[in-house]
Amino acid sequence: MSAIRVTALSVDLGHRPVLSGIDFEARPGEVVGLIGPNGAGKSTLLRAILGLVDRRAGKITIGGTALESLKPSELAKRIAYLPQSPAIHWPVTVERLVALGRLPHLDAWHRPGADDAAAIGRALEATDTAGLARRNVLTLSGGERARVLLARALAVEAPNLLVDEPVSALDPYHQFQVMDYLKAYARKGQTIVVVLHDLSLASRYTDRLYLIDQGRIAASGPPGTVLSDDNLEAIYKVQVLRTEGPSGSAILPWRRVGPESS
Amino acid sequence: MTATADSDAERAESGSGPRAGIFPALLALALVAIMALAMLIGPVPLTPGEVLDGFFAPVDESGAIIVRELRLPRVILGAIVGAALGISGAAMQGLFQNPLAEPGIVGVSASASAGAVFALYFGLTSSIALAVPVSAMAGAMLGMLILFAVAMRDASVLTLILVGVALNAFAGALTALALNLSPNPFALNDIVLWLMGSLTNRSFLDVWLAAPFVMIGGAILFASRRGLAALTLGEEAARSLGVNVRSLRAQVIAGSALAVGASVAVTGAIGFVGLVVPHVVRPFVAHDPARILLPSALGGAILVVLADIAVRLAPGGQELKLGVVTALLGAPFFLYLVIATRRAMR
């Protein structure tokens with residue numbers, strides 16, 4: 001059974017069609033990547049799955065239940081979301097920030113209990129941030145901050161995790177580290193949907209890819225077929241250099257396609 | 001708010017166990033002590049013994065009148081109003097994710113003031129005893145309804161602030177109009193003095209008028225604390241955590257409109273309390289927008305009762321107005337906070 005299924009989804013933002021006729025599926029235990037040029041609609045697809053934007057048409061089910069019949073608190077327990085480079089508005093401690101991931105599990109007048117503390121502990125452990133628990137989040141480095149925000153999303157312990165460009169601000173070591181966490185989580189049975197710009201990471205870390213262009217799915221399937229030279233030239237308008245590694249391709253965008261490129 | 005003080009406070013308070021309750025408990029003790037002190041101070045200084053006697057003496061004795069009819073309602077009202085301003089300021093700063101927000105930002109205080117000025121302008125006080133507070137409350141509710149009409153349409157925070165700017169401007173214009181067209185110097189004088197904010201000559205009637213609204217408003221704000229904490233991550237992440245941001249906004253606007261509207265209705269405008277108090281308590285609750293609400297209420301109560309003590313101790317024939325004192329103390333302190341924060345950022 002699919003964890004997330006999107007059928008014939010269309011979304012307009014301010015009368016402009018942003019997504020049209022999207023069919024998308026993510027199953028438990030897999031890392032599904034969303035790639036595509038800027039403005040293709042990748043983030044909007046994530047936001048539609050979360051019910052953060054209105055649909056013009058189409059159907060979304062989470063674990064077999066229609067999105068619109070899930071209460072916000074119920075949906076929040078089923079899907080965790082890490083937005084693209086979110087701002088942190090107050091200099092709270094890392095522990096407090098990660099603890100916000102437990103909100104869906106609390107009702108208005110109860111204090112967090114032992115379950116919540118254990119989940120926060122697991123999230124800090126999984127992202128290697130337990131040592132930062134007492135630090136002020138605004139004093140963290142970019143890499144530490146990204147891991148802490150991921151820990152916040154993991155602390156929800158939802159069966160589905162949607163992550164929007166989690167590694168774009170990170171150095172290579174931390175990029176691999178975050179992608180390793182996501183993959184490890186998927187292997188425990190979670191469903192991971194991740195928006196990526198780095199084609200090599202998309203090739204190495206995802207089980208299936210959706211290539212989105214101008215609000216439509218241009219290609220989908222295993223990374224090896226989606227990341228073909230033809231697709232990349234047609235959609236991204238770039239030519240790439242590639243080297244085959246043991247667990248996927250290293251894909252280096254090399255130059256623009258077109259008359260003016262050198 | 002130096003960096004060291006900040007980290008010390010955080011170290012002391014970052015735990016979530018029983019220690020987290022110590023800071024509000026200390027503030028509550030301090031508030032009780034300062035309220036007791038405020039009972040002793042005034043044109044007729046009283047000893048603690050005389051105050052106690054005043055509580056139990058027959059109604060017609062002067063000590064009883066001073067303690068029970070003059071000082072007690074004044075001190076209690078000061079605490080209620082301060083608490084309303086403090087908790088509303090903290091909630092507004094959480095809602096707008098901005099430390100410069102304050103209860104007046106959405107225009108409810110100005111609407112309440114305009115309502116009061118309306119009653120003073122038409123001299124309604126002579127025919128109806130509660131004309132000013134009731135008219136001010138009506139002004140606050142009208143302002144709130146206008147905000148609701150906008151906020152409930154899924155408007156952005158920016159729209160909310162802009163509607164607040166419009167409400168503030170319009171209420172200010174109405175107040176200026178009343179001053180402009182004032183029928184006689186007495187009405188003018190009444191309006192100007194009322195606008196400065198004061199606790200002088202307030203009775204238990206004022207307390208009973210304001211207290212229910214402040215309590216209901218405060219409870220509504222307190223119930224919003226987890227949503228405010230979630231907003232630390234921004235609006236979309238908060239929504240993904242199951243927070244209904246639209247109703248959170250309505251909740252914070254309704255809560256502060258009730259609490260602050262009722263406060264302005266009985267005391268007039270008392271500035272800077274809602275802005276400054278959350279800044280002072282924030283380091284002691286590790287900057288947590290949820291845990292700041294209760295301490296801000298207690299801190300606001302302490303500040304207003306203290307400022308009212310200062311008003312009563314000030315020499316000279318002309319009585320200082322409470323709103324003037326809070327602004328005189330609050331504005332330089334706020335400037336200091338801005339400079340200290342900028343320094344900490346560098």
_Breaking point among (1) over 20 Å from A:Tyr81 (Cβ atoms); (2) within 14 Å of chain B (Cβ to nearest Cβ); (3) outside any loop (DSSP other than H, G, I, E, B), for A:Phe176_ = (2)
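Considering each of A:Ala153, A:Ala186 in turn, give the residue that is within 11 Å of chain B (Cβ to nearest Cβ), farther than 29 Å from B:Thr341 by Cβ and either touching a Pro at 6+ places or on another chain (Cβ under 8 Å) or assigned to a helix (DSSP H, G or I) (or both). Reasoning before the result, please.
Working: A:Ala186 fails: within 11 Å of chain B (Cβ to nearest Cβ).
Testing whether each residue is within 11 Å of chain B (Cβ to nearest Cβ), farther than 29 Å from B:Thr341 by Cβ and either touching a Pro at 6+ places or on another chain (Cβ under 8 Å) or assigned to a helix (DSSP H, G or I) (or both) leaves just A:Ala153.
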*Selected residue (criterion: farthest from the other protein chains (Cβ to nearest Cβ)) from residues of region A:126-150 that are among the charged types (D, E, K, R) and touching a strand residue (DSSP E or B) at 6+ places or on another chain (Cβ under 9 Å)*: A:Arg135
*Working carefully through the options B:Ala38, B:Ala33, B:Ala112, find the one that is in a helix (DSSP H, G or I), hydrophobic (A, V, I, L, M, F, W, C) and without any contact (Cβ under 8 Å) to a residue 40 or more places away in the chain.*
B:Ala33
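Taking the condition away from every other protein chain (no Cβ under 14 Å), surrounded by fewer than 16 Cβ atoms within 10 Å (Cβ to Cβ) and either under 30 Å from A:Glu157 (Cβ atoms) or over 17 Å from the mean Cα position of the chain (by Cα) (or both), does B:Leu181 pass?
On the way: away from every other protein chain (no Cβ under 14 Å): yes; surrounded by fewer than 16 Cβ atoms within 10 Å (Cβ to Cβ): yes; either under 30 Å from A:Glu157 (Cβ atoms) or over 17 Å from the mean Cα position of the chain (by Cα) (or both): yes.
So B:Leu181 fits the description; yes.
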_Here are the criteria: (1) under 25 Å from A:Ser2 (Cα atoms); (2) surrounded by fewer than 16 Cβ atoms within 10 Å (Cβ to Cβ); (3) touching a Lys or Arg at 6+ places or on another chain (Cβ under 8 Å); (4) not β-branched (Val, Ile, Thr). Tell me which single one A:Pro112 does not satisfy._
(1)
*asked:* I'm told B:Val106 meets every condition in (1) touching a residue at least 60 places away in the same chain (Cβ under 8 Å); (2) β-branched (Val, Ile, Thr); (3) more than 22 Å from B:Ala171 (Cβ to Cβ) except one. Can you identify the failing condition by its number?
replied: (3)
*asked:* Looking only at residues that are more than 12 Å from chain B (Cβ to nearest Cβ) and touching a Gly at 6+ places or on another chain (Cβ under 6 Å) in region A:41-97, which one is surrounded by the fewest Cβ atoms within 10 Å (Cβ to Cβ)?
replied: A:Leu67
*May I ask you to list the residues in region B:279-298 that are within 11 Å of chain A (Cβ to nearest Cβ), under 14 Å from B:Leu228 (Cβ atoms) and of a type outside the set (Lys, Arg)?*
B:Val285, B:His287, B:Asp288, B:Pro289, B:Ala290, B:Ile292
_B:Leu95 being hydrophobic (A, V, I, L, M, F, W, C) and touching a Lys or Arg at 6+ places or on another chain (Cβ under 7 Å)_ = yes
*Identify, from the list B:Val207, B:Val260, the residue that is buried (at least 23 other Cβ atoms within 10 Å of the Cβ) and under 22 Å from B:Leu306 (Cα atoms).*
B:Val260
_For region B:316-333, give me each residue that is touching a residue at least 12 places away in the same chain (Cβ under 8 Å), in a helix (DSSP H, G or I) and not aliphatic (A, V, I, L, M)._
B:Gly323, B:Thr326, B:Gly330, B:Phe333
*Mind listing just one residue for me: the one in region B:219-230 that is in contact (Cβ under 8 Å) with a residue 60 or more places away in the chain and within 7 Å of chain A (Cβ to nearest Cβ) and, of those, farthest from A:Pro86 (Cα to Cα)?*
B:Arg226
_Among the numbered criteria (1) assigned to a strand (DSSP E or B); (2) closer than 21 Å to A:Ile22 by Cα; (3) free of Cβ contacts under 8 Å to residues at least 24 places away in the same chain; (4) not aromatic (Phe, Trp, Tyr), which one does A:Leu241 miss?_
(2)
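Here, each number is a calculation from the coordinates, and none is a lab measurement. It should be emphasised that the depicted structure is a prediction, and the values quoted were computed from it without experimental measurement. FYI the Cβ positions are ideal-geometry reconstructions off the backbone, even for glycines, and counts take in every protein chain you see.
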